[in-house]
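To start, the structure under review is shown below, and the notes come after it.
What follows draws every value from the coordinates through simple rules; no lab data is involved. Model, not experiment: these values are computed from the prediction. Don't worry about glycine lacking a Cβ; one is built from the backbone with ideal geometry, like all the others, and counts go over all protein chains shown.
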Amino acid sequence: MKLRITQTRSPIGTRASHRGTLRALGLRKIGQSTVREDTPELRGMIRSVHFLVRVEEETGG
């Protein structure tokens, strides 16, 4: 399963670790999206910045 991760809020004013996590996810701008394979490591990254991103399951065919 794949997840589409979209940045919805600015990381300004957040911890440096949160900004680093967004960068590691490949997100730089509000509204930017990336599609990643669902793994436990990715879920942990998303959990740490859940208030900055929106996550949707990617339906592929």
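Quick one: 8, 21, fewest Cβ neighbours within 10 Å first, how do they rank? Intermediate results must be reported in sequence, preceding the final value.
On the way: 8 12, 21 21.
Going from least to most buried by this count: 8, 21.
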Task: Size of the chain as Cα extents on the principal axes (Å, biggest first) - done: 39, 23, 16
TODO: Within 10 Å of each residue's Cβ, count the other Cβ atoms and sort 53, 35 from fewest upward.
DONE: 35, 53
Open item on the list: I'd like the orientation of helix 16-25 relative to the chain: the angle between its Cα long axis and the longest Cα principal axis, in ° from 0 to 90, rounded to 10.
Closed with: 30
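Given charges of +1 on the Cβ of Lys and Arg and -1 on the Cβ of Asp and Glu, with all other atoms neutral, how large is the dipole of the chain about its Cα centre, in debye to the nearest 20? Display every interim value, and only then the final one.
Numbers: 12 positive and 6 negative charges, 80 e Å.
Dipole size: approximately 380 debye.
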- [ ] Return a whole-number percent for the relative contact order of the chain, with Cα pairs under 8 Å and 6 or more residues apart as the contact set.
- [x] 55
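Counting other Cβ atoms within 10 Å, which trypsin sites (Lys or Arg not before Pro) in the chain have at most 16 and lie in a DSSP loop? Let's see the in-between values first.
Details: sites: 2, 4, 9, 15, 19, 23, 28, 29, 36, 43, 47, 54; in loops: 9, 15, 28, 29.
Those that pass, being in a loop and sparsely packed, are 9, 15, 28, 29.
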